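Here the structure is laid out as structure tokens; the discussion comes afterwards.
The values are calculated or read from the model by the stated rules, or taken from the named source; none is laboratory data. As the structure is a prediction and not an experimental result, all values here were calculated from the model. Positions of Cβ are generated from backbone atoms using ideal geometry, with glycine treated the same way; all protein chains shown enter the neighbour counts.
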Amino acid sequence: MSIETETDTETRDRSGAPRNSSAELVQSGATNPSTAKTGTDPGPTGLFGRVLVVTDGEATGRAAVDVGIDLASAHGATVEALYVVDTTEHWDMVVERRERAGEAAVEDAAARGHRAGVEVEKRFRYGIDHEEVLDFAATHDVDLIVVGSARRTGLDRLINPEPLPVRLQRGADVPVLVVGTDRN
């Protein structure tokens, strides 16, 4: 007694046209194989169209830039690299130094994005950091906010009990991804 098996079975839809298997659709990049149609473009590749990366030029800000660019690359998104110059201190020298640091931070983000093939828009705001980030996200149709955060010591917790990532998570209408420097 012999049993025949077919390994290359072609399935057809109700009209008789051939259709691909779910595995073929997943390999082709379809976002949802159960609703994908054969021979059509799978459409957007991801969940995010615009990723807001809050950068400060420090190690945590650079880590946030790296993660934001990686996500944007994977999802076909644009990155908005935002630096907020804190103007609560009215000393011109302090504000000027922060402006220079901000310029360097967004330029670095744009260069990293360029190397990864991701479009990066460089943005500046002046004011209170969490208020400016939340306002920017709300007015620029942002799908995700990426922000860096360092491990905090006891003294830092006393001086600054509610850091920027916490304020963003509480006030944002979109998801907030908090990135540390120890990503491994």
Can you pull out every residue in segment 63-99 that is buried (at least 24 other Cβ atoms within 10 Å of the Cβ) and in a helix (DSSP H, G or I)? ALA64, VAL65, GLY68, ILE69, ALA72
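The rows are residues; the columns are (1) in a strand (DSSP E or B); (2) surrounded by 14 or more Cβ atoms within 10 Å (Cβ to Cβ); (3) at pLDDT 90 or above.
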| position | (1), (2), (3) |
| --- | --- |
| ASP141 | no, no, yes |
| ARG152 | no, no, no |
| VAL166 | no, yes, no |
| ASN184 | no, no, no |
PHE48 - would you say it is assigned to a loop (DSSP other than H, G, I, E, B) and either in contact with a Gly (Cβ under 6 Å, 6 or more places away or on another chain) or not aliphatic (A, V, I, L, M) (or both)? yes
